[in-house]
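Below: one structure, written as structure tokens.
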Amino acid sequence: MTIGGIITAIIFGAIIGALGRLIVPGKQNMPIWLTIVAGIIAAFIGTALANAFGLETQGWNFWETLFQIAAAVVVVALLAALWPK
């Protein structure tokens, strides 16, 4: 993975993680770095789900992005529940 790929993963992870935090109800007491990590994890999960359903994952895909956001909601909810207050 190149430096550009790592930076892109961090930026995209931050966006996906932030969307997940916006959708999860209530206040999440977790730091921004954990939101980014949750978004990166959710992006990988969403892409794997899209591949499992046989969807094209090259370039932008609506369904892949929807899977990533749904995964971010689950990951953020889990991490917020496990993160100490």
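The values are calculated or read from the model by the stated rules, or taken from the named source; none is laboratory data. All values derive from a computational prediction rather than experimental measurement. When we count neighbours, we look across all protein chains shown, and the Cβ atoms used for this are built from the backbone with ideal geometry, even at glycine. Heavy atoms of the whole protein, side chains included, go into the accessibility calculation; ligands, DNA and RNA do not. Shrake-Rupley method; radii C 1.70, N 1.55, O 1.52, S 1.80 Å.
When peptides 39-46, 5-12, 17-24 are sorted by average Cβ neighbour count within 10 Å, with the highest value leading, the order is 39-46, 17-24, 5-12. Counting only alpha carbon atoms, the long axis of helix 32-52 and the longest principal axis of the chain meet at about 40°.
Measuring nothing but protein heavy atoms, the accessible surface of the chain at 1.4 Å probe radius is 77 percent carbon and sulfur. Dividing the C-alpha radius of gyration of the chain by 2.2 N^0.38 Å, with N its residue count, gives 1.08.
For the chain, the solvent-accessible area of protein heavy atoms averages 63 Å² per residue (probe radius 1.4 Å; ligands and nucleic acids excluded).
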